[in-house]
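One structure is given below, encoded as structure tokens.
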Amino acid sequence: MSAPLILFVIAAYFIGSIPFGLLLTKGVLRRDIREIGSGNIGATNVLRTGNKSLALLTLILDGAKGAFAVFLWVALLHLFAPAGEDSRIHTTEVLCIGLFAILGHCFPIWLKFKGGKGVSTAIGVLLSAVPIVGLVACAVWLAVFLATRISSASALMATIFAPFMTLIAYGNGPALIVFLIALLILWRHKDNIRRLLKGEEPKFGKKKEE
């Protein structure tokens with residue numbers, strides 16, 4: 001890994017660690033999202049405040065910070081990379097940047113490393129770094145959500161498909177990084193997976209029974 005790439009993955013971590021869900025709920029609602037619902041800073045928990053617009057804005061901004069980190073690195077590649085290099089090497093590097101942005105979202109230093117689950121930021125990374133995979137992952141998410149009305153099940157299925165789609169469309173190197181991203185997201189959803197296996201995961205729009 002080159003010195004510029006090392007420096008930029010650090011920068012990507014800090015970009016990803018911006019807690020938009022927390023900042024928006026504190027700024028607009030004067031409430032701490034960490035004291036609501038699951039305590040997660042992501043868009044799904046922001047939705048539990050009842051403010052759909054704020055949840056949508058959180059979703060967009062969490063995705064945008066992953067895409068922003070990727071686009072910054074791509075811009076640098078276009079400026080400084082030698083001509084004729086294998087584009088797959090670039091894609092792998094770009095996905096490394098994205099991985100660290102997702103790590104920043106999941107483990108933000110500002111919040112004692114207690115962040116979100118990484119789905120929105122990962123979608124932003126995939127759409128910007130490997131757009132074919134990002135689009136198919138969104139389609140899988142939507143199809144599963146329409147069938148189940150369970151957000152976590154939709155995210156998990158899209159996550160599981162993503163490495164295989166990357167392998168087919170972009171090759172081994174990018175697929176390895178997307179596999180690591182998938183492992184991170186699956187691990188962050190370990191509690192959701194337990195509830196899904198027990199049939200206890202709530203559906204969208206249905207309040208969890210006390």
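The values are calculated or read from the model by the stated rules, or taken from the named source; none is laboratory data. Model, not experiment: these values are computed from the prediction. Note: ideal-geometry Cβ built from the backbone for every residue, glycine included; neighbour counts use all protein chains shown.
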Matching residues, the range 153-171, being over 15 Å from the mean Cα position of the chain (by Cα) and free of Cβ contacts under 8 Å to residues at least 24 places away in the same chain: 164, 167, 168
Is there a residue in the range 73-81 that is touching a Phe, Trp or Tyr at 6+ places or on another chain (Cβ under 6 Å), at pLDDT below 95 and either under 30 Å from residue 173 (Cα atoms) or not in a helix (DSSP H, G or I) (or both)? yes
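Let me confirm something: among 127, 146, which residue is of a type outside the set (Phe, Trp, Tyr), farther than 14 Å from residue 185 by Cβ and in contact with a Cys (Cβ under 8 Å, 6 or more places away or on another chain)?
127
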For the range 44-55, check the following and say yes or no: at least one residue is surrounded by fewer than 18 Cβ atoms within 10 Å (Cβ to Cβ) and touching a residue at least 60 places away in the same chain (Cβ under 8 Å). no
Anything in the range 103-122 that is under 8 Å from the mean Cα position of the chain (by Cα), closer than 15 Å to residue 21 by Cβ and not in a loop (DSSP other than H, G, I, E, B)? List them, or say none. 105, 119, 120, 121
Residue 134 - would you say it is over 30 Å from residue 29 (Cβ atoms), modelled with pLDDT of 95 or more, buried (at least 19 other Cβ atoms within 10 Å of the Cβ) and not acidic (Asp, Glu)? yes
